[in-house]
Amino acid sequence: MQSLNSNYSNLVSLRAVKKGARFIVRQIDDKEIRTQLLRFGLAEGSEAMCFERLPLGPVIIKHRRQEVALGEELTKKIWVEVIAEENREAH
Amino acid sequence: METLTIDTTLHATTVEKTGKKKLVLVGNPNVGKSLFFNHFSGLYVDVSNFPGTTVEITEGNYKNFRVVDTPGIYGVSSFNDEERVARDEVLSADIVLNVIDATNLERDLFLTLQLIDMQFPMVIALNMMDALEEAGMEIDVERLSEILGVPIVKVTAIKKHGFDELDKALEKATIGNTDKTLLHALEPILAKMKPTANPIADALMILEGDETVAERHAIPPEDKREEIYVARRNRVNEIVAEVMREKSKMKFGAVLSEKLGKWTINPISGIPILILALWLIYEVVGVMVAQRVVGHTEVELGNKLFEPFVKHLFATITPVEISVDVLNGEDVIETKSFAFPEGTSRDKAKFEEFKAFIEGKDVMQNFAFSQETLWGKIVTVFAGEFGAFTMTVTYLAFLLLPLVIGFYMFLAILEDCGYLPRLATMVDRLFTGIGLNGRAVIPIILGFGCVTMATVTTRLLQTSREKTIAASILNFAIPCSAQLAVITALLTKAGGVYTLAFFLIILSCLIAIGTIVDKLLPGKSSALLIDLPPMRLPRASNVLKKTWIKTKSFMQEATPWFFIGALLISVMQVTGLLEGWVKLFEPITTHWLHLPAESARAFVMGMVRRDFGAAGLYELNLTPQQIVVSLTVITLFVPCIASLMVLIKERGVKEAMTIWAGSWFFAFGVGGAVAFII
């Protein structure tokens, strides 16, 4: 596993993000996932929200109009910076 | 990779030969691409499996174009089978029609920019303009067309709006505004490449690190993928920021769609929704189609009409004894035998008597062809109990076909309304424990319909490892609809506690199989990464077309295997091998499983058709304990002969035979253990 980028102090894995929180993706630890997510529209630096999370299961993130479900294994490899705990009616 | 090189050079001449240009439809999954294809080609399409893969390609003709539909992809590359197939179709295109979901511009433009960078003459169809309006968004289409440098047509495919404009625009397909820095980087690669249909496109693939394309040109692939992707992503974001803006609040339809999507994923509401969906499938496919329609078609058309017709043809010159059961509803009210020691044509008087006897009655005719001569044996192989011309045809046309249509129609509806990926998400956690991810829910559910069909569907899983695990679970532990009716009936006899015991036994076997195969196979299964399209009403034309295409291709693929399977079993029957097998298993059945000797026959017959096995048990007088044991064995027992054949085709002889042979040991092993405990 790569070491965390030291430019950002408060990074958490997507696994730990609460439902409704908005965040910026800062680091993705797996090259293949990084390229696949780039095509979905998500890159390091993109802003998204945690749309839904299942107990022990996948996290669904929403990025603009697009919803993507990520299995538990993947969520451990995605590091984000939370910018708002609650989504205050963004749209 | 010699053959592939030949492929691309061959292509250059197709235009000259047929005079038709190849128009390739490209787009992300769920952008409504198939509606465009329907518009161009109508119902008359060719479905073919791409060589070496199991991905379907549909082709049709339109005006001066050969129209090719490709699987939905997020980019041209080689991450999975779908992408590899789409990649080769795109690379040999003369014109590209890129279909974009207007509500998902940010995702879809990534592929668009890649296609533009490949310098294809292209047209963009901006689909789902109505949904864009619902979502309260607006796109400056003129500006977008100016930035990209290609014609864009606004379309609402579902309402058939914009197709006339699209037809006209195809004449004006243009090469768009390619990324200039990329073109510069492509030069050294272009200099080294072999001649090909679209040199720039191939060169870009090589620059993006595509190994297959690089190999075709005997050039080492570059490793610029991530760099190029990041730059492309940034350009997409800039473009979207410029052309897209929020006009109003989301309208009711869009809000409802989002809410509904959320409800299907959250287990609290999602599980009831799943139960509702399964109940609907059960009522429609299980009760209506399987019991009513198939009950009628199989018995009335197959057993009573078609099979006697074929058998009588053979009976004219073959020694045979025909025993006639006269029916009144379900009951046999009279039985009479007619012997024709030299065939029905030699004994006119008796045959007339036979005809007079069955005249106007509801009868079931049972033919016993004499097997004393080689000819008799051959007739039995083709027209006997398991005959290739009799049982197989009845089975395929009157039993399997209605079921397959029913299942594929539901699958198409669930797929089209956006439910399947959400279901996969909700159940993902249940599958990660057994080395699969949520996507596997589709083949597993289908397995309760027809394991053969479900085995074909394991193709949608991403890695070979996952396909093996899913195929093992299906062929070891999932009872198909052919057995379910008899299993349910027998469990009703056995009672509640025993029913629960049976479910627990099968469930733990299913988990055990998944876990063991997961542990045995090297590597790791892929985690779920799935895009959730908006929930929407399924479109009838789309559902019908998908059902038709899938049914057709399944029947085409499975039919030869059903015939081969029937031939094998019939040969085993006439050579006495089948009987020998039954004898071999009798001691195990009586001593180890504590079941009556006759159940050995039921088990062995299960090799042919799983319902034969289950039905055989129904006729025996079993105690509740024996019911649980025998049902356990028959559920875990080998897949039917058709499943085995398809399994061989999908997963290879070695894997298929391991599963098949393993089923014998597993079924009798677990069955014995259960017999010992209860």
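Bear in mind that the values in this text are calculations on the coordinates, not laboratory data. Owing to the predicted nature of the structure, the values given are computational and were not obtained by experimental measurement. Cβ: placed from backbone, ideal geometry, glycine included. Neighbour counts: every protein chain shown.
The relative contact order of region B:2-246, computed from alpha carbon pairs under 8 Å that lie at least 6 residues apart in sequence, is 19 percent. Using R0 = 30 Å, the C-beta based FRET efficiency linking B:Val284 and B:Ala597 works out to 0.15. Compared with the dominant Cα axis of chain B, that is its longest principal axis, helix B:81-91 is turned about 50°.
The shape of region B:200-330 comes out oblate: with a ≥ b ≥ c from the C-alpha gyration tensor, a/c is at least 1.5 while a/b does not beat b/c.
Identify the GluC sites (Glu not before Pro) of region B:148-215 meeting these criteria: DSSP loop state and at most 16 other C-beta atoms within 10 Å of the C-beta.
Sites meeting the loop and neighbour criteria: B:Glu171.
Dipole magnitude for chain B: computed about the Cα centre from +1 point charges on Lys and Arg Cβ and -1 point charges on Asp and Glu Cβ, it is near 400 debye.
With the cut-off at 1.5 for a/c, could you classify region B:413-542 from its C-alpha gyration tensor as rounded, prolate or oblate? It comes out oblate by the Cα gyration axes. Helix-only arithmetic for chain B: the sum of -39500 (n - 2.57) across DSSP H runs with n ≥ 4, divided by the residue total, places the mean residue ellipticity at 222 nm at -18000 deg cm²/dmol.
Partner chain Cβ atoms within 10 Å, averaged over the residues of A:26-37 - can you pull that number for me?
On the way: counts 0, 0, 0, 0, 1, 2, 3, 3, 4, 10, 6, 4.
That average works out to 3.
For the peptide B:110-116, the mean number of other protein chain Cβ atoms found within 10 angstrom of a residue's Cβ is 1. Our coupling estimate for region B:219-235, obtained by passing each phi through the Karplus curve with A = 6.51, B = -1.76, C = 1.60 and θ = phi - 60°, is 10, x, x, 8, 10, 10, 3, 5, 4, 5, 4, 5, 4, 5, 4, 5, 4 Hz, Gly and Pro reported as x.
In chain B, the longest principal axis of the Cα atoms and the axis of helix B:267-281 are about 60 degrees apart.
Taking 8 Å as the Cα distance limit and 6 or more residues as the minimum spacing, I'd like the relative contact order of chain B as a percentage. Can you show the working numbers first?
On the way: 1065 pairs, mean separation 64.5, N = 678.
This gives 10 percent for chain B.
Per residue of B:431-440, other chain Cβ atoms within 10 Å of the residue Cβ number 2 on average.
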